[in-house]
Amino acid sequence: MSALKLTVLQETLSWMDGAANLRHFDEVLQGMTGRDVILLPEMFTTGFAMEAAASSLPQDQVVAWLHGHAKALNALVGGSAAIQSDQGAVNRFLLVEPDGTLHQYDKRHLFRMASEHQHYVPGETREVFHWRGWRILPQICYDLRFPVFSRNQNDYDLALYVANWPAPRALHWQALLLARAIENQAYVAGCNRVGSDGNQHQYSGDSRIISPQGEILAAAEPFARARLDAELSLEALQDYRERFPAWRDADEYTLK
């Protein structure tokens, strides 16, 4: 059965400097071969800036950059960025395959405590895509607090969360990632940034990769740049779901 080699990059970000961030990740990604998925943080081109809605790099440029690395590394490469769309500014998770195939998801839950909902347009749909035999659900930061939106409908195997999640609420981040993995019987990867931003918010990272049973397969040291690697087993996931089919007793619901 299919194994998936996943890498999570817990990195610092330059505030509102797209070119500097792309140069930084050019260095970080250099020679990172032999992986299937490589994950960058939320708003990896700017940091979590409301100003980015008006001065973000164009999507074509960001996608072309991601594609260049995806092709060179033969991996799916992705992270979220502030993007100007036809509907307005969005916080968009962009994931690009080596052949240039693009998967995207617009952040549904906008962080009102930072007035994100006043600067960005919320996404309307929950997205799941297929990559190398895996069904993958992309989510962004504040989405983590809303379990109904990420409820596994027997339609995904791995949930990817990218974030700029501040250090004072690090315990929430850690606990909710663990809960999402256990309740959805799915692998979960959380990629958070470190360092400080232009608003002087501190980020501890605490990135991690978690098994469907809640085992932490890889965890980053807080407040430090880090690379996390894990190999995920689809066979082990399917075997666990068959032996412990809690998903069969999940409540039916309609998401509005």
Surface per residue (accessible, 1.4 Å probe) for the chain, Å²: 44
Out of the total accessible area of the range 1-139 (probe 1.4 Å, heavy atoms of protein only), what percent is carbon and sulfur? 47
Quick one: Cα centre-to-centre distance for the range 38-116 and the range 212-227, in angstrom? 23
For the chain, just run the numbers: alpha carbon Rg, then divide by 2.2 N^0.38 Å, N being how many residues it has. 0.94
Note, Lys5: beta-carbon cut-off 11 Å, +1 each Lys/Arg, -1 each Asp/Glu, net -1
I need the phi-derived Karplus couplings for the range 125-137: 6.51 cos²θ - 1.76 cosθ + 1.60, θ = phi - 60°, integer Hz, Gly and Pro marked x. 10, 8, 10, 9, 10, 10, 8, 6, x, 10, 9, 10, 10
Just add up the charged neighbours of Leu22: K/R +1, D/E -1, any other residue whose Cβ is under 15 Å from the Cβ of Leu22. -4
Provide, as a two-decimal number, the C-alpha radius of gyration of the range 206-256 over 2.2 N^0.38 Å, N being how many residues it has. 1.57
Largest-first ellipsoid semi-axes for the range 165-256, taking √(5λ) over the Cα gyration tensor eigenvalues, angstrom: 29, 17, 9
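The values are calculated or read from the model by the stated rules, or taken from the named source; none is laboratory data. On a predicted model such as this, the values are computed, not experimentally measured, just so you know. Note: ideal-geometry Cβ built from the backbone for every residue, glycine included; neighbour counts use all protein chains shown. In case anyone asks, the SASA skips ligands and DNA or RNA and just uses the protein heavy atoms, side chains included. Shrake-Rupley method; radii C 1.70, N 1.55, O 1.52, S 1.80 Å.
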